[in-house]
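Trainee: Just passing along the structure, written as structure tokens.
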Amino acid sequence: MEERIFGLVSIALKWWPGVSPCNYACGCGRRYVGGEYSVTAVACVEQCEKTGCVGTNTSNTVNFLLMESPLMVPGICKNHSISVGNYGTAAATADISVCLLGRKREKKHGGRPVKYRGAHFSRALSALNLVMQFQSWVSFFILVNYKFPLRPNKRTYYEYTGLLHMYALLAMNSWFWSAVFHSRDVDLTEKLYYSSAMALIGFSLILAILRAVNVRDEAARVMVAAPLIAFATTHILYLNFYQLDYGLNMKVCMGMGMAQLFIWAVWAGVTCHPSRWKLWVVVIGGSLSPLLEIYDFPPYWGFVDAHSLWHATTIPLTYLWWSFIMDDTEFRTSTLIKKAK
């Protein structure tokens, strides 16, 4: 009887793209919130697909710890059971817990699983972040080229203009692929999403070092940037052509992100910049927002989850960041013009 039910479940799940019985046994759909994998979930699914079992023992159980009453469906191994229900946390146990995952990518609706709708919210917020970056970049471009005087060689007085143009392009590229990835979750868009995010984080760290230390000599800038560019490039190539290691990528991104926030925090603490309070807000907000990615929670109303809220927090932080950049441009330009006189 169990084998017959499992066969029916397998046939039904074939009609739903990206979802397999092993996905359900491990308590997850093909992707989870924001379209990202869980390393634990991937290992669990791979083991299930190879052996037909979850865990190291066929007598173990896959349980959903649900907010709603679960619907229990036998499957996979003889003594396994799969629970399908509304948003919750899945734990696949094998003597000691083997797979501990927080999954809410799927919901049960009328007896049939449907895609988690929070991706639509993340997609819209990614697009809004893209618009915010573009609008801020255009305002910065007009400010440095048309509102402030230029040097006799037609270059801007602000020494970091070129770096910020590059930063804006990388930021817009990152949010563009974020929107595309949340719209169409395939291997290509996933790699472009992670690669563009890594490129942005790496360049942001370079920008933080150069501005905080006030490096203006081109040769010195190259010496600072070269090793970081090499590291970021190597990491991107590793993700694209060797292994898309999500755990490693999270550690690298968090490490580089926290490093640049620490640099900005130290600089804001010792400088007399008139707009340093804006930088403090960005640093504090940027330090707290990753907690939404680390400490996940189920979606509210089927739309808003931790990943979506992380996208939402970056919008005001982007506004304050570019506001600080424009204030810094005005501050540095006025200082250099006074020195020139």
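Trainee: From the mean inverse distance of alpha carbon pairs (Kirkwood) and the Cα radius of gyration, derive Rg over Rh for region 180-228.
Mentor: Value, to two decimals: 1.21.
Trainee: Another question, then. Working with all protein chains in place, sort Ser308, Ser323 by solvent-accessible area computed with a 1.4 Å probe, largest first.
Mentor: Ranked from most to least accessible, the order is Ser323, Ser308.
Trainee: What net charge is computed for the residues neighbouring Ile284, neighbours being all others with C-beta under 14 Å from the C-beta of Ile284, Lys and Arg scored +1, Asp and Glu -1?
Mentor: Counting the neighbours of Ile284, the net charge comes to +2.
Trainee: Also, quick follow-up: Any idea of the accessible area per residue across region 117-340, 1.4 Å probe, to the nearest Å²?
Mentor: 50
Trainee: Moving to a separate point now. Can you compute the modelled spin-label distance between Thr233 and Glu218, with each label point 7 Å from Cα toward Cβ, in nm?
Mentor: The answer from the label model is 1.9 nm.
Trainee: For region 194-203, take each phi angle, set θ = phi - 60°, evaluate the Karplus expression 6.51 cos²θ - 1.76 cosθ + 1.60, and give the result in whole Hz per residue in order, putting x for glycine and proline.
Mentor: The phi angles translate into 5, 5, 5, 5, 5, 4, 5, 5, x, 5 Hz.
Trainee: Between Tyr242 and Ser334, what FRET efficiency comes out of the Förster formula 1/(1 + (r/R0)^6) with R0 = 56 Å and r the beta carbon distance, rounded to 0.05?
Mentor: 0.70
The values are calculated or read from the model by the stated rules, or taken from the named source; none is laboratory data. Since the structure is predicted, the reported quantities are computational estimates derived from the model, not experimental observations. Here the Cβ is made from the backbone with ideal geometry for all residues, glycine too, and neighbour counts use every protein chain on show. Quick note on the areas: whole protein, heavy atoms, side chains included, nothing else; ligands and nucleic acids left out. Shrake-Rupley method; radii C 1.70, N 1.55, O 1.52, S 1.80 Å.
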